[in-house]
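Asker: Questions regarding the structure given below will be posed in turn.
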Amino acid sequence: MRTQLLSPEPLEIPLRLDETGAWRVGHTRVLLDIVVYEFQRGSTPEQIVDAYDTLTIGDVYRVIAYYLSNREAVDKYIAEREAQAEQMWREFEVDFPNHALTKDKFLKKMADKSKS
């Protein structure tokens, strides 16, 4: 009896561009940036899925594979997003100089928002 050979289909990268210009993973609101940060910090795909339970393990592995194959472009995209966030923070500080929200609280709030 001969086993049939596999005929793998190309895998789609589960990334979608949202209305704000941010790349999100699969059908979730989790940002590409978050998965890359977690991976760079040493988190495994399983740990990333545990932390962001709307993600699937297959999606995380494919996104990490995409990142590893396109590191320069993804790093550039993330650097641009960080620069935009910094600019937004500077504008916020100008508009609301006495606001009790600190930069750390602001960044945490933004990260929490991207999880949902």
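The values are calculated or read from the model by the stated rules, or taken from the named source; none is laboratory data. Just so you know, these numbers come straight off a predicted model, no measurement behind them. Neighbour counts are summed over all protein chains in view; Cβ atoms, including those assigned to glycine, are modelled from backbone coordinates with ideal geometry. Protein only, heavy atoms only, side chains kept; ligands, DNA and RNA dropped before computing areas. Shrake-Rupley method; radii C 1.70, N 1.55, O 1.52, S 1.80 Å.
Asker: Could you order 55, 15, 6 so the one with the most accessible surface comes first? Probe is 1.4 Å.
Answerer: 6, 15, 55
Asker: If you fit an axis through the alpha-carbon atoms of helix 57-69 and take the longest principal axis of the Cα set of the chain, what angle between them do you get, 0 to 90°, nearest 10?
Answerer: Helix 57-69 sits at roughly 80 degrees to that axis.
Asker: Run through region 1-90 and list the trypsin sites (Lys or Arg not before Pro) located in a DSSP loop whose Cβ has at most 11 other Cβ atoms within 10 Å.
Answerer: Qualifying residues, ordered by number: 2, 41.
Asker: Could you order 112, 59 by accessible surface area, starting with the largest, using a probe radius of 1.4 Å?
Answerer: Listed by decreasing accessible area, they come as 112, 59.
Asker: Treating the angle as unsigned and between 0 and 90°, give the value, to the nearest 10°, between the Cα long axis of helix 71-95 and the longest Cα principal axis of the chain.
Answerer: The angle comes out near 20 degrees.
Asker: For residue 76, go through the aspartates and glutamates and keep the ones whose alpha-carbon is under 15 Å away, minus same-chain ones fewer than eight residues off.
Answerer: Cα-Cα hits under 15 Å: 33.
Asker: I've got another one for you. Provide the per residue accessible area, probe 1.4 Å, for the chain, rounded to a whole number of square angstrom.
Answerer: Result: 74 Å² per residue.
Asker: Expressed as an acute angle from 0 to 90° and rounded to the nearest 10, what is the orientation of the C-alpha long axis of helix 103-115 relative to the principal long axis of the chain?
Answerer: 30
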